[in-house]
Each structure stands twice: as structure tokens, then as C-alpha cells.
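Beneath this line is the structure, given in C-alpha cells, with notes to follow.
The values are calculated or read from the model by the stated rules, or taken from the named source; none is laboratory data. This is a predicted model, so every value here is computed, not measured. Every residue, glycine among them, receives a Cβ derived from its backbone with ideal geometry; neighbour counts consider all protein chains shown. We work out accessible area using only protein heavy atoms, side chains counted, and drop any ligands, DNA or RNA first. Shrake-Rupley method; radii C 1.70, N 1.55, O 1.52, S 1.80 Å.
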Amino acid sequence: MSIPANLKYTKDHEWVSIDGDVATVGITHFAQKELGDIVYVEVETLDQTLDKDEVFGTVEAVKTVSDLFLPLTGEIIAFNEDLESAPETVNSDPYGAGWMIKIKIADASEIDSLLSDAAYKQLIGA
């Protein structure tokens, strides 16, 4: 199972890539595998500022709908609109073309609360 070392992770199975004061967020390989075939990604919080752990959207698979939780406080500045027509990209490339949102980070100190790749592997028993 792929768990890139250059990313940070959450206990809710989101991954976070930090570039300056912008974070790119998606769901992990583990999460997409557990969900199964993803058929819809909904994010209605674009241009909103949300607190860490607030729901920023949902991901719908054939069998279930799961909430997506914001890993860091900040303003959602981008949504991967390609997922509207090709949500299955989250399954095929969760760490690349399957990214979901970009956040303008409000509190950089929160980054320290994210999990390392080793801690995430421990969480999922990998």
C-alpha cells in the first residue's frame, strides 16, 4: 500500500502536502480502497474559511457516503473540478490527479499535529 513519506496524514485518512502557506488535501490510498469505487466528490465550501476537523465535503462510493474533514484551519481556495466528471481518479491516483482541495493555511502551528508517514502506517496497521 502506498504511503508517500513526503506527505502528512490525519487520523481521518486524509493526506496533506504543504507548499509554503498552501496545503493540498486528498484521501489516502487506504481510504479509497476501504470506500471502494468512488462515484462522486462534493465540496460546497470553496472560498469559505473553516476550522480544523470541520466537514468540508463528502465522498460517495457505491456502498457509502463519507464526510471529508479539514486537516488544518484555513480558507478553501481551490477544488479539483476534474473530479466532477472523473471522480474515479481518486481511486486510480489518490496522491496525484485525485487531490481534492487546496487550503490557505491560517495557523501553521497546526501542521505539527498531523501524522508522519510512519505514524500513519502504525494507525492503519501497515
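A few remarks follow.
- Positions within region 59-88 being open to solvent by 30 Å² or more (accessible area, probe 1.4 Å), β-branched (Val, Ile, Thr) and either in a loop (DSSP other than H, G, I, E, B) or without any contact (Cβ under 8 Å) to a residue 40 or more places away in the chain (or both), in sequence order: VAL62, THR64, VAL65
- Residue within region 24-42 that is surrounded by 15 or more Cβ atoms within 10 Å (Cβ to Cβ) and in contact with a Lys or Arg (Cβ under 7 Å, 6 or more places away or on another chain) present: yes
- If only residues of region 46-63 that are β-branched (Val, Ile, Thr) and modelled with pLDDT of 95 or more are counted, the one that is nearest to GLU88 (Cα to Cα) is VAL59.
- Selection of region 96-126 for residues being part of a loop (DSSP other than H, G, I, E, B) and either touching a Ser or Thr at 6+ places or on another chain (Cβ under 7 Å) or surrounded by fewer than 15 Cβ atoms within 10 Å (Cβ to Cβ) (or both) yields GLY96, ALA97, GLY98, TRP99, ALA106, ASP107, LEU114, SER116, GLY125, ALA126.
- Check on THR49, β-branched (Val, Ile, Thr) and surrounded by fewer than 20 Cβ atoms within 10 Å (Cβ to Cβ): yes
- Selection count, region 83-126, where residues are of a type in the set (Asp, Glu) and farther than 19 Å from PHE56 by Cβ: 4
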